[in-house]
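Written out below as structure tokens is the structure these notes cover.
Read the figures in this text as sums done on the coordinates, not as results from a lab. Computed from a predicted structure; not experimentally measured. Note: ideal-geometry Cβ built from the backbone for every residue, glycine included; neighbour counts use all protein chains shown.
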Amino acid sequence: MADLQRAGICFMPLTDLLIGGILLGGVYALMACGLNLIFGVMRVINFAHGDILAVAALSTVSIVVGFKLPFWLAVVLVPIGCALLGVLIHLLILRRIENAPMIMSLLATYALSTILVNVAILIWGGGYSGLPGVLGGSVKILGANVSVSRLVSFVCAIGVSLAVWWLLQFTRFGRAVRSASQAPELASISGIAVDRVRLATFALGSGMAGLAGVLVAPAFAIDPQLGSRFIIKAFAVIIVGGMGSYPGAILAALLLGVVEVVGSYFAGAVIGSAFLFLLMLGVLLVRPRGLLGAGVRI
Amino acid sequence: MKQLDPLGVFAIALVAAGLVPLLGSDYAVSFSIQLLIFLVLAYSWNLIGGYTGYTHFGQVAFFGIGAYVGSLLIFHWNVSWYLATLAAAMAGAITALPLGGAMLRLKGPFFAIGMFGLARVLEAFALGFDGITQGGTGIYLKPLNDLKPLYYVVAVVAAVMMLLTWRLDNSRLGLKLLAIREDENAAESLGIPTTRLKIGAFVASAVAPAAMGCLYSVYLGFIDPPTAFASNIELTTIAMVLLGGMGTVLGPLLGAIVLSVVNEVLWANYPQIYLASVGVIVLLAVLFTPRGLVNIGMKGGWLALGRPLFRRPVQPASQSS
């Protein structure tokens with residue numbers, strides 16, 4: 001992919017490909033975990049998730065290049081902004097169609113995705129931009145050249161994904177989220193405000209997409225259509241990993257990152273990224289619950 | 001109060017469609033071709049999305065298959081455009097049959113994601129195999145001198161789709177499809193062959209879009225992957241069905257006319273916000289008129305009661321999950 005070449009990964013030996021793939025997978029993991037979390041608790045497939053990422057990446061470019069503010073400020077501000085956007089989306093749209101058939105939430109988020117893309121084009125224009133100056137340079141790992149921006153984004157993405165997992169497993173809030181996703185009625189009988197848990201989950205998921213966007217900005221070429229390229233990969237990740245399974249999503253993200261990089265190396269950029277979708281279709285047909293999925297019933 | 005008969009409405013629409021090329025300007029013919037193409041897409045989507053209740057985000061895949069099969073035949077072998085359209089329709093049916101068999105094993109959001117992904121895969125292939133498809137450069141076809149024959153073909157297909165939907169709405173077959181939408185397991189247990197019917201509805205909803213894909217590329221005189229697999233075609237189609245009323249006879253007609261006019265006005269005056277506003281229309285329809293505009297007519301008593309979405313009491317989210 002043009003994105004990959006820009007990041008300066010030189011494609012030769014297998015270790016290079018593997019490391020490049022795993023680093024790419026980190027960002028997919030963060031994005032897919034947010035998507036998965038939202039699906040688990042709300043039973044909503046958020047087609048606009050990728051566009052939140054794109055808007056976050058474009059905002060980061062604006063903050064760093066346009067307003068000349070430091071990058072770390074964007075790392076703090078943009079995810080918060082995206083979480084607030086998530087709160088708005090939940091309050092204005094998703095909460096009102098909670099009890100409607102699933103087709104309504106699918107249509108609503110699909111429409112929302114179109115709106116976000118086109119508003120982004122209105123604000124930032126349709127062209128590519130990026131942050132070439134931030135986190136430049138490269139380091140050697142196991143003999144492979146790895147760009148610093150990739151490494152930092154991988155470490156942050158996996159770190160936050162694992163932190164959210166810890167949050168879900170070991171805190172009071174996490175227990176509330178898990179019970180609201182497994183048995184909403186019992187949860188509300190036990191005194192959990194399911195409505196507020198859903199709001200918090202959607203905000204958290206959107207914030208994770210926002211952080212993924214910030215991390216993507218120094219490493220990839222950014223444009224308003226970025227979201228539609230990423231969302232399909234995030235879908236592939238959560239389907240291969242198993243819908244609703246958090247560790248499955250992280251594992252599948254790393255796997256698919258490798259598949260994409262290796263596929264692009266051998267079959268060319270466009271067909272290479274199609275491998276992901278084919279893998280996803282294959283898993284959908286052969287094992288719809290995914291590698292580690294518990295078999296969520298829809 | 002006297003109720004409107006769908007057949008009467010169709011007759012009026014047909015007469016109006018017949019008058020356009022006789023009385024209207026070239027612009028009117030051109031606009032009507034677009035409207036009718038979307039009308040056909042909307043009625044096709046209504047079969048699988050409205051009646052059978054499967055959220056189908058991949059209809060544009062068949063539109064694109066038809067566009068490419070047709071344009072490649074015209075481009076490489078100089079086939080005349082109506083034969084190419086027939087071939088495109090057949091290509092739609094031939095690809096839809098195995099795809100339907102595979103994809104319809106998926107339910108709800110899985111089917112939506114799968115079909116959404118499929119359209120993107122096909123777009124990637126159309127870009128990637130540029131030896132055959134010319135990739136991103138696109139295929140240029142000889143523009144038609146006279147759009148009227150094209151217009152009549154599209155109008156006839158639209159009329160056929162409307163009549164088919166009317167027949168379906170008044171048949172046991174239609175009721176069986178609605179039963180699948182309302183509760184697939186219950187339908188299965190009543191002895192309805194759900195798999196066969198779903199695949200049938202899926203194939204039926206793919207044939208006409210494939211033909212329209214070919215006619216659209218002839219109409220434009222050009223096709224490239226982003227045009228053939230455009231997600232805004234998908235969104236506009238769904239918006240029309242949703243706005244008019246999913247799973248109704250008159251809904252897609254109403255939605256297509258209203259939205260085509262709105263789109264034309266927006267496109268002429270505010271091209272930069274056109275797509276975003278289609279999205280806003282879908283959102284507003286989801287929030288405020290999920291049963292579509294025809295529901296207003298049903299409440300007012302001048303339309304026979306149909307079976308738009310949510311006829312049964314709404315299930316709480318907790319049970320449906």
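One decimal place: the segment B:R105-B:D26 gains 23.8 nm when fully extended, by the rule 0.36 nm per residue minus the C-alpha distance. Going 7 Å from the Cα of A:S62 along its beta-carbon direction, which residues of the range B:275-291 have the amide nitrogen within less than 20 Å of the resulting point? Counting only backbone N, you get B:275-277, B:280. Overall shape: oblate for the range B:1-98, with the ratio a/c of the largest to smallest alpha carbon gyration tensor axis at 1.5 or above and b/c at least equal to a/b. Annotation for B:L220 and A:V155: the two label points, set 7 Å from Cα along the Cα-Cβ direction, are 4.7 nm apart. Of all lysines in the structure, those lying under 29 Å Cα to Cα from A:K140, and not within fewer than 8 positions of it along the same chain, are A:K233.
Based on the alpha-carbon gyration tensor of the range B:51-179 and its eigenvalue square roots a ≥ b ≥ c, which shape applies: rounded if a/c is under 1.5, prolate if not and a/b is larger than b/c, or oblate?
oblate
Determine Rg/Rh for the range B:78-119; Rg is computed over alpha-carbon atoms and Rh is the Kirkwood hydrodynamic estimate from the same atoms. Ratio of gyration radius to Kirkwood radius for the range B:78-119: 1.18.
To the nearest whole percent, what portion of all C-alpha pairs in the protein assembly as shown is separated by more than 30 angstrom?
Cα-Cα pairs of the protein assembly as shown separated by over 30 Å account for 53 percent.
Within the same chain, lysines fewer than 8 places from B:K299 are excluded, and of the rest, those with a Cα less than 27 Å from its Cα are B:K2, B:K176. Once you sort the root eigenvalues of the Cα gyration tensor of the range A:57-178 as a ≥ b ≥ c, which label holds: rounded (a/c under 1.5), prolate (a/b larger than b/c) or oblate (the other case)? Cα axes put the range A:57-178 in the oblate bin. A crude spin-label estimate for the pair B:A268 and A:L69, with each label 7 Å from Cα along the Cβ direction, gives 4.4 nm. Within the shell defined by Cβ-Cβ distances under 15 Å, the residues around B:F75 carry a net charge of -1, with Lys and Arg each +1 and Asp and Glu each -1. Residues considered: A:N36, A:N99, A:N118. Largest GNM mean-square fluctuation over chain A, using C-alpha springs under 10 Å, is found at A:N99. For the range B:221-231, putting each phi into the Karplus relation 6.51 cos²θ - 1.76 cosθ + 1.60 with θ = phi - 60° gives couplings of x, 6, 8, 9, x, x, 6, 5, 10, 5, 6 Hz, in residue order, rounded to whole numbers and with x for Gly and Pro. Over the C-alpha atoms of chain B, the Rg to Rh ratio, Rh being the Kirkwood estimate, stands at 0.96.
Could you work out the longest stretch of chain A that avoids the trypsin sites (Lys or Arg not before Pro) located in DSSP loops with at most 10 other Cβ atoms within 10 Å? Within chain A, the longest run free of exposed trypsin sites (Lys or Arg not before Pro) spans A:69-296. Within the listed set A:S62, A:S138, A:S188, the Gaussian network model of chain A (springs between alpha-carbon atoms below 10 Å) gives the highest mean-square fluctuation for A:S188.
Under 5 Å between amide hydrogens, built in the peptide plane, is the criterion, and for A:I141 it picks out A:V146 among residues at least 5 positions away or on other chains. Under the criterion of Cα pairs below 8 Å and six or more residues apart, the relative contact order for chain B equals 30 percent. Calculated mean residue ellipticity, 222 nm, chain A: -24000 deg cm²/dmol, from DSSP H runs (n ≥ 4) at -39500 (n - 2.57) each, averaged per residue and rounded to 500. With both labels modelled 7 Å from their Cα along Cα-to-Cβ, the A:E185 to B:A93 distance reads 4.7 nm. Separation of the range B:1-42 and the range A:172-226, taken as the distance between their Cα centroids, equals 47 angstrom. From the alpha carbon centroid of the range A:266-282 to that of the range B:146-174 is 38 Å. Rounded to the nearest 0.05, the FRET efficiency derived from the C-beta distance between B:V15 and B:L144 at R0 = 35 Å is 0.90. Listed by chain and number, the lysines placed with their C-alpha closer than 17 angstrom to that of B:K107 are B:K198; residues fewer than eight positions away on the same chain are left out.
I'd like to verify something in chain A: which complete DSSP H helices, judged by Cα projection on the helix axis, reach 27 Å or more and average at least -0.5 on the Kyte-Doolittle scale?
Long hydrophobic helices here: A:14-42, A:71-92, A:102-124, A:148-170, A:194-216, A:246-267.
Between the range B:80-134 and the range B:249-306, what is the separation of their alpha carbon centroids in Å? Computed from Cα coordinates, the inter-centre distance equals 27 Å.
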